[in-house]
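Here's the structure we're looking at; comments come further down.
The values are calculated or read from the model by the stated rules, or taken from the named source; none is laboratory data. This is a predicted model, so every value here is computed, not measured. Cβ placement follows ideal geometry from the backbone for every residue including glycine, while neighbour counts extend to all protein chains displayed. Accessible surface areas use protein heavy atoms only, side chains included; no ligands, DNA or RNA. Shrake-Rupley method; radii C 1.70, N 1.55, O 1.52, S 1.80 Å.
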Amino acid sequence: MVLASMDTGLPTVVISLRTKATWGNHEVRRILRKNLLGALEKELPSGTVSYSSKVVSIEESGHLKMVHLADGSILKTKVLIGCDGINSVVAKWLGFGKPAFDGQSEIKGWSYFEHGHPAGPNYQLFFGKGVSLGIIPSDDKCVY
């Protein structure tokens, strides 16, 4: 990762996103949501992934979680991945605090470069004058 000043344009810090862990070398990257969901769904039995479901409540039953949905159905699961937004029932169940505005806003998006992007493999962060801008490559053609 390269941190650079927007005032001077000069790099101020270089931090590697490659790291060694107990399971081997890896690199920090962003991944397109559809690719992540597709990979997860491919590894699970058919019909076990539920999309566009509104979680009402969660309770524990032994080693299982009972997830109550707005349509009245109840899902029994060993693993629960919460992607239910800012007012997350899953986050509340885990004991996370309510979201609070910290005075900062973000605009996020993906850019696709058909012939490859110029960012290389590095995460780049520019800051200064009250603004920060980051570029995170996810592969050779997409940046976040």
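Descriptive notes on the structure:
- Label point distance in nm, residue 127-residue 100, each placed 7 Å from Cα along Cα→Cβ: 2.1 nm
- Against the criterion of solvent-accessible heavy-atom surface with a 1.4 angstrom probe, 90, 49 sort, most first, into 49, 90.
- Spin-label model distance (nm) - residue 50 vs residue 74, 7 Å beyond Cα toward Cβ: 1.2 nm
- Sparsely packed trypsin sites (Lys or Arg not before Pro) within segment 73-123, loop by DSSP, other Cβ within 10 Å at most 16: 78, 108
- Take the Cβ atoms of residue 10 and residue 113, set R0 to 25 Å, and the FRET efficiency comes out at 0.45.
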